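J.: My questions all concern the structure below.
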Amino acid sequence: MQQIFYTAASPEEYWQLGKDFAFPDPPEACPFCRTSLPLKKHGFYRRNSIPGELPRRILIRRYRCRFCGRTVSFLPGFCLPYFQYTLELIYRALEYRLRQFLSWRACLGRFKELSWEPAHLRFYARRFLAGLARLKLILRQMRPQISLPGKENQRQQAAHLLEVLSFFGDIQSFSVRFYAHCGRSFLAPLAD
Ligand SMILES: [Zn+2]
């Protein structure tokens, strides 16, 4: 199981600190078997995190239940499960394409240092568009008073929803809260 925690540390700071990073405290009770014993530190695993030109291998803290033996890992909020590029980059791509309506070429121009292919950007945009209905549903649960798009077409809805996400302060705050609410990321495939 993965949990995602908010961190003010940049991906570079997190990477540089390595094991010295102030990781979140272990859960007080096991999320699987509910035994109320704090989970035990259980090492780290390494994962790719690409915040820009330089790909990094970062450490992910793991905890293990003393009773059932299952593990929980703690992903820093600048990562999204199953994505190697950082949330910030992916979010910028969505903003350029789906809120500012830049052409694919103009979007790619904003990420020159990463040499992305058009297909790379299209994948992010398609994934976001595929999850619009789920996003609206979860946002409604998170904030019942929120004003959400209704009958606009898909592109208008996407732009409107990205605007709503910007009200959360920063994209990491939104992403962490979304994940805590429903146990998946806002860019997870619908059928996972
Ligand atoms: Zn357990």
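J.: Take residues that are more than 21 Å from LEU80 (Cα to Cα) and tell me which of the helices (runs of 4 or more DSSP H) falling wholly in segment 95-146 contain 3 or more. Don't jump to the end; show me each part of the working.
T.: Values: elements: 104-109, 118-130, 132-142.
By residue number, 104-109.
J.: Are there any pairs with C-beta distances below 6 angstrom linking a residue in segment 17-33 that is within 16 Å of the ligand (Cβ to nearest atom) to a residue that is open to solvent by 90 Å² or more (accessible area, probe 1.4 Å) and among the polar types (S, T, N, Q), with the two at least 6 apart or on different chains, and if so which?
T.: Going by the 6 Å Cβ cut-off, the qualifying pairs are ALA29/SER36.
J.: Ok, one more. Give me a count of the residues in segment 47-68 that are away from the ligand (no atom under 16 Å from the Cβ) and either more than 23 Å from PRO31 (Cβ to Cβ) or among the hydroxyl-bearing types (Ser, Thr, Tyr) (or both).
T.: 10
J.: Against the definition (surrounded by 19 or more Cβ atoms within 10 Å (Cβ to Cβ) and not charged (D, E, K, R)), how does PHE32 come out, yes or no?
T.: No: the conditions fail for PHE32.
J.: Out of (1) within 23 Å of ILE50 (Cβ to Cβ); (2) among the charged types (D, E, K, R); (3) open to solvent by less than 60 Å² (accessible area, probe 1.4 Å), the odd one out for GLU113 is which?
T.: Going through the list (1) within 23 Å of ILE50 (Cβ to Cβ); (2) among the charged types (D, E, K, R); (3) open to solvent by less than 60 Å² (accessible area, probe 1.4 Å), GLU113 breaks only (3).
J.: Moving to a separate point now. Here is a list of conditions, (1) free of Cβ contacts under 8 Å to residues at least 60 places away in the same chain; (2) under 22 Å from CYS182 (Cβ atoms), and CYS65 meets all of them except one; can you say which number that is?
T.: Of the numbered conditions (1) free of Cβ contacts under 8 Å to residues at least 60 places away in the same chain; (2) under 22 Å from CYS182 (Cβ atoms), the odd one out for CYS65 is (2).
J.: If you go through segment 69-87 one residue at a time, how many are part of a loop (DSSP other than H, G, I, E, B) and either more than 10 Å from the ligand (Cβ to nearest atom) or within 24 Å of PHE174 (Cα to Cα) (or both)? Talk me through it step by step, then tell me what you get.
T.: Residues of segment 69-87 part of a loop (DSSP other than H, G, I, E, B): 69-70, 77-84, 86.
Still in the running and either more than 10 Å from the ligand (Cβ to nearest atom) or within 24 Å of PHE174 (Cα to Cα) (or both): 77-84, 86.
Final tally of qualifying residues: 9.
The values are calculated or read from the model by the stated rules, or taken from the named source; none is laboratory data. Small disclaimer: the values here were computed from a predicted structure and weren't measured. Positions of Cβ are backbone-derived with ideal geometry, glycine not excepted, and every protein chain shown enters the neighbour counts. Surface areas here come from the heavy atoms of the whole protein model, side chains and all, with no ligands, DNA or RNA. Shrake-Rupley method; radii C 1.70, N 1.55, O 1.52, S 1.80 Å.
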